[in-house]
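The values are calculated or read from the model by the stated rules, or taken from the named source; none is laboratory data. On a predicted model such as this, the values are computed, not experimentally measured, just so you know. Virtual Cβ from ideal backbone geometry, glycine too; neighbours counted across all protein chains shown.
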Amino acid sequence: MSSSLTRSNDTPWNTIINRVLEIVAGAPGCPIAYVAQLTPDVTLKQVVVTLCYLKRSGQLEVVVGNQGAVFVTLSPRLFH
């Protein structure tokens, strides 16, 4: 991963991942925009990259709803 995606305003990559997981755990099925609103010091691009990483690693599930809305929730595999 390039260094431009790993930090925003000196926010380490692991901190972004942990914050996103905490947000989604507290509000399962939330839209991506909700996650972005709760991480104002992180760019939308970094939120999307983090969500993609967590989906690929099996920690999140991404669901496309009506009219193209995208929702995220923790993967049941995360608890096994």
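Quick grid of which residues meet (1) closer than 22 Å to Arg77 by Cβ; (2) among the basic types (Lys, Arg); (3) touching a strand residue (DSSP E or B) at 6+ places or on another chain (Cβ under 7 Å):
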residue: Val24; (1), (2), (3): yes, no, yes
residue: Asp41; (1), (2), (3): no, no, yes
residue: Gln46; (1), (2), (3): no, no, yes
residue: Lys55; (1), (2), (3): yes, yes, yes
residue: Val63; (1), (2), (3): yes, no, yes
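Being at pLDDT below 95, out of contact with any His (no Cβ under 8 Å at 6 or more places or on another chain), outside any helix (DSSP H, G or I) and buried (at least 17 other Cβ atoms within 10 Å of the Cβ): is that true of Val63 here? Here the answer is no, as Val63 does not meet what is asked.
Residue-level check: of (1) without any contact (Cβ under 8 Å) to a residue 24 or more places away in the chain; (2) part of a helix (DSSP H, G or I), Gly58 misses just (2).
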